[in-house]
1. So is residue 332 under 22 Å from the mean Cα position of the chain (by Cα), crowded, with 24+ Cβ neighbours inside 10 Å and farther than 25 Å from residue 379 by Cα or not?
2. Scanning for something free of Cβ contacts under 8 Å to residues at least 40 places away in the same chain and either under 17 Å from residue 381 (Cα atoms) or touching a helix residue (DSSP H, G or I) at 6+ places or on another chain (Cβ under 7 Å) (or both), does the range 230-245 turn up at least one residue?
3. Can you tell me which residue among 129, 200, 210 is crowded, with 20+ Cβ neighbours inside 10 Å and at pLDDT below 75?
4. From the list 312, 327, pick out the single residue that is under 22 Å from the mean Cα position of the chain (by Cα), surrounded by fewer than 23 Cβ atoms within 10 Å (Cβ to Cβ), at pLDDT 90 or above and over 22 Å from residue 236 (Cα atoms).
5. Quick check, is residue 285 part of a helix (DSSP H, G or I), within 30 Å of residue 167 (Cα to Cα) and not assigned by TED's automatic domain parsing to the domain that holds residue 161?
6. Go through the residues of the range 50-58 one by one and say whether even a single one is without any contact (Cβ under 8 Å) to a residue 60 or more places away in the chain, within 20 Å of the chain's Cα centre (by Cα) and either closer than 20 Å to residue 184 by Cα or outside the structural domain of residue 363 (by TED's automatic domain parsing) (or both).
7. List the number of the failed condition for residue 344; all other conditions in (1) more than 20 Å from the chain's Cα centre (by Cα); (2) at pLDDT below 85 hold.
8. Within the range 34-49, is even one residue assigned to a helix (DSSP H, G or I) and modelled with pLDDT under 85?
């Protein structure tokens, strides 16, 4: 009975920690995607119509992403110094307030300032989340904890377009931003009341002796040398390209479909959510594929290549209704299916004890890709038309496949 009780207690603690960490992670991904579905509304509301209108509004998303890119690595060091708990709660509160204030903004420059503040708050999630999960979750459940963590992020991507366009349709676009900001503050309040479960000094934390030994053998200079090595840079580049391909679809699908085919915003938003929902199911089932086969090139081929072809096809052929939703759900599923294998590939080229800094660096690749792609696609829509959104995104997905091949064959183990 004592053994059963200990197992039950550990399971309950793990589930509590996973839930407390994953819910704000879901909110962080939702905040990443609250602006793009509102592009057309914001263009009209702030008088941005005319030449380079999409470039102007996409710059708001770029400022958000660049702010995150600039501050995330330093924030990771701060998390290690003062602890993850306070950083997680504070960062979520800052981002929630900034996003909520979009609802009361009256000028374009205010959107840029608020996007920069929201991006700075956004930096805490990956460093803090992984520190807490690594310290508080049992080793035997660590893989599933990371899988659920990734999947809940995509749930945020799924919910954000529906919430934002739905509230804007039923009430007002300003109400959509204010309400989702309030939700984030409520989540931060819940974390504050349950903060005892979010300590990152649990049993999985290294002892002082271990940390002292590590500090003498793994200096900051050595850490920088590691993350700038060729195998890690190849994985970093994969993250950049993956974000520019999949993230580009998430950011510009609604606007591109509207410009090319006149697809209603609500229909396009459902298609976008289907793309994200497909990614969630792909991640969850991809965990089993990765465990069984490892980071194989064949897995990358049968996922990224068909996904890229489907996305490219949308730039040539008008697809409506259920078929549009199904096509995007399938492409999202295929892209998500590879994510666990991608993480295993990253682990295979990472020395033991260095996963934290390597994952933190790699995730800045996603931030960089997220910063670049809005301007690239915004300019493409302004100068060449929405067709190029799909073709450019498909090109980046194909390039990500080539990066996976290179990393796996030259540097994988």
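The values are calculated or read from the model by the stated rules, or taken from the named source; none is laboratory data. Computed from a predicted model, the values in this text were never measured in an experiment. Using ideal geometry, Cβ is built from the backbone for each residue, glycine included, and neighbour counts are taken over all protein chains shown.
1. Numbers: under 22 Å from the mean Cα position of the chain (by Cα): yes; crowded, with 24+ Cβ neighbours inside 10 Å: yes; farther than 25 Å from residue 379 by Cα: no.
So residue 332 fails the test.
2. Going through the range 230-245, the residues free of Cβ contacts under 8 Å to residues at least 40 places away in the same chain turn out to be 233.
Next, only the ones that are either under 17 Å from residue 381 (Cα atoms) or touching a helix residue (DSSP H, G or I) at 6+ places or on another chain (Cβ under 7 Å) (or both) stay: none.
Taking every residue of the range 230-245 in turn, none turns out to be free of Cβ contacts under 8 Å to residues at least 40 places away in the same chain and either under 17 Å from residue 381 (Cα atoms) or touching a helix residue (DSSP H, G or I) at 6+ places or on another chain (Cβ under 7 Å) (or both).
3. Criteria check complete, one pass: 200.
4. 327
5. no
6. no
7. Failed condition: (1).
8. Step one: filter the range 34-49 for residues assigned to a helix (DSSP H, G or I), giving 36-45.
So of that shortlist, the ones also modelled with pLDDT under 85 come out as none.
For the range 34-49, residues assigned to a helix (DSSP H, G or I) and modelled with pLDDT under 85: absent.
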